[in-house]
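The values are calculated or read from the model by the stated rules, or taken from the named source; none is laboratory data. Every value quoted in this text rests on a predicted model; they were computed, and no experiment measured them. Don't worry about glycine lacking a Cβ; one is built from the backbone with ideal geometry, like all the others, and counts go over all protein chains shown. These area figures cover heavy atoms from the full protein model, side chains too; ligands, DNA and RNA do not enter into them. Shrake-Rupley method; radii C 1.70, N 1.55, O 1.52, S 1.80 Å.
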Amino acid sequence: MRRTLITTALALACSPLLAAETAWITVGDAAWRLIATEAAGARLLSSRDVIVDVPATRGSAALVRAIDRVHAVQIDTDWLPRLSARVHEELRRCGGFVRHDSPAEALAVLHRLQGTVEPALAPGYAIDDAAEVNASLALTQDSRILATIQRLSDFQNRLYNSSHGVAASDWLAGEWRSIVVGRSWMKVSQVRHAGWPQKSVKLVIQGSGPNAAETVVLGAHLDSTAGSGSSEVRAPGADDDASGVAALTEVIRVFAERNYRPQRTIELIAYAAEEVGLRGSQQIAKKYQRAGKPVVGVLQLDMTAFQGDATDLWIFTDYTNAAQNQFVADLAAAYLPLLSVGYDRCGYGCSDHASWTGRGYAASFPFEASFAHSNHAIHTASDTTATFGSQATHALKFTQLALAYAVELGSD
Ligand code: BES
Ligand code: ZN
């Protein structure tokens, strides 16, 4: 009974309201089979086998190569909420489609998803800034992370197309500005998007070295979703993904306190409109790629507060870069030696890291739990701090990992 209720709630929660028009999406094979049997008028544009590294057994560090078939599909937007619901009922997970602005873009992303294509930029992954990392880690506070999660959850929702989602973006931009005030090399801005009112929020920490054009991106998503997607629905999104935005906010606070000036440029981005097909990060990654911006690495924090397993940090191996994933595991071993690390996968482009991977950049996604044991309250009114015991000790681990990542990659 409880399962049915949860299933129904999540099926609804995965269904944003969208106006009828044509959409272009990329989906995994299982979701495509659902579309093919049910969505009259959906058209397959192209398919591609993508090579992904998957754990040999759940949680193990040993990876084996597997093939994932991914499809570019043209579909009526009317059908997208149903697709989310059906995917959830049949496949026991959410959404699983990435939405693109045009058929050309869907095809371009499909081609770049080819796992054999290496990112254009391959940085060295030396771990050699222990003094700066350790001094920074000592300043992190779980109570501050919890306070930010609470502030973000207090908005009625953070929907990409609601006034509350707009207000949450404005609040976060103000919060980040007040943290970095007086530091001329740290600049906060809000990124406008074509198609919806919620803006992404971005902090640029200008690099000071000869390689300052090279950029390290840390991201989380600002928007939330639940139920019908009506603009007044209650969608606290505490774990998904206030917990990621709060981790970024604590990283920023520590950087400001230390007056940290990296060699490379570091950007921290709270993306708008993740829950409706990674749309905010798609636009940003596309813009960066078109501008030829040298992004040397991307870290995504999406759901960090709910500890679902005895193992602490889970590194997701699909739609991510194997070499950088190894670096992330090495950082955990070096700076957070008490934590255990496992490996799993979403099985689809489940968060904003997939947008960067799709543009040929090296992205990683350290996650709160194995996929099966992740927080089942997401996309409902119950995704509150209470679901994870009103504490942020798990989120603190991801904050510290993100700090180590930013400093070690930012200082080369
Ligand atoms: N945080 C979730 C992704 C997630 C959920 C990862 C559960 C691991 C376990 C994210 O906000 C999300 O909901 N993503 C969508 C897909 C996206 C392409 C719209 C989803 O999973 O339905
Ligand atoms: Zn979500």
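Values as computed for the structure displayed
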item	result
Residue satisfying condition, being more than 16 Å from ligand 2 (Cβ to nearest atom), at pLDDT 95 or above and closer than 22 Å to Ser169 by Cα, within set Val295, Val251, Val245	Val251
One residue from Trp171, Trp176 being crowded, with 23+ Cβ neighbours inside 10 Å, among the aromatic types (Phe, Trp, Tyr) and either touching a helix residue (DSSP H, G or I) at 6+ places or on another chain (Cβ under 9 Å) or modelled with pLDDT of 95 or more (or both)	Trp176
Odd one out for Leu268 among (1) open to solvent by 10 Å² or more (accessible area, probe 1.4 Å); (2) closer than 29 Å to Tyr125 by Cα; (3) more than 16 Å from ligand 1 (Cβ to nearest atom)	(1)
Selection count where residues are in contact with an Asp or Glu (Cβ under 9 Å, 6 or more places away or on another chain), β-branched (Val, Ile, Thr) and away from ligand 1 (no atom under 16 Å from the Cβ), scope segment 211-251	4
Segment 267-278, residues that are away from ligand 2 (no atom under 12 Å from the Cβ) and touching a helix residue (DSSP H, G or I) at 6+ places or on another chain (Cβ under 9 Å)	Leu268, Ile269, Ala270, Ala272
Answer from Phe367, Phe398 - the residue that is touching a Pro at 6+ places or on another chain (Cβ under 8 Å), within 15 Å of ligand 1 (Cβ to nearest atom) and under 18 Å from Gly219 (Cα atoms)	Phe398
Qualifying residues in segment 40-63 (those that are closer than 15 Å to Thr320 by Cβ, in contact with a Phe, Trp or Tyr (Cβ under 8 Å, 6 or more places away or on another chain) and open to solvent by 30 Å² or more (accessible area, probe 1.4 Å)) - the one modelled with the highest pLDDT	Ala61
Search result, residues across segment 64-109 that are open to solvent by less than 20 Å² (accessible area, probe 1.4 Å), more than 16 Å from ligand 2 (Cβ to nearest atom) and modelled with pLDDT under 75	Val109
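For every residue, the table says whether it meets (1) within 16 Å of ligand 1 (Cβ to nearest atom); (2) of a type in the set (Val, Ile, Thr); (3) open to solvent by 10 Å² or more (accessible area, probe 1.4 Å); (4) within 21 Å of Leu152 (Cα to Cα).
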| site | (1), (2), (3), (4) |
| --- | --- |
| Pro294 | no, no, yes, no |
| Val328 | no, yes, no, no |
| Ser382 | yes, no, yes, yes |
| Ala404 | no, no, no, no |
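For (1) crowded, with 24+ Cβ neighbours inside 10 Å; (2) touching a residue at least 40 places away in the same chain (Cβ under 8 Å); (3) within 16 Å of the chain's Cα centre (by Cα), each residue gets a yes or a no:
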{"position": "Arg183", "(1), (2), (3)": "no, yes, no"}
{"position": "Ser189", "(1), (2), (3)": "no, no, no"}
{"position": "Lys202", "(1), (2), (3)": "no, yes, yes"}
{"position": "Ala213", "(1), (2), (3)": "no, yes, no"}
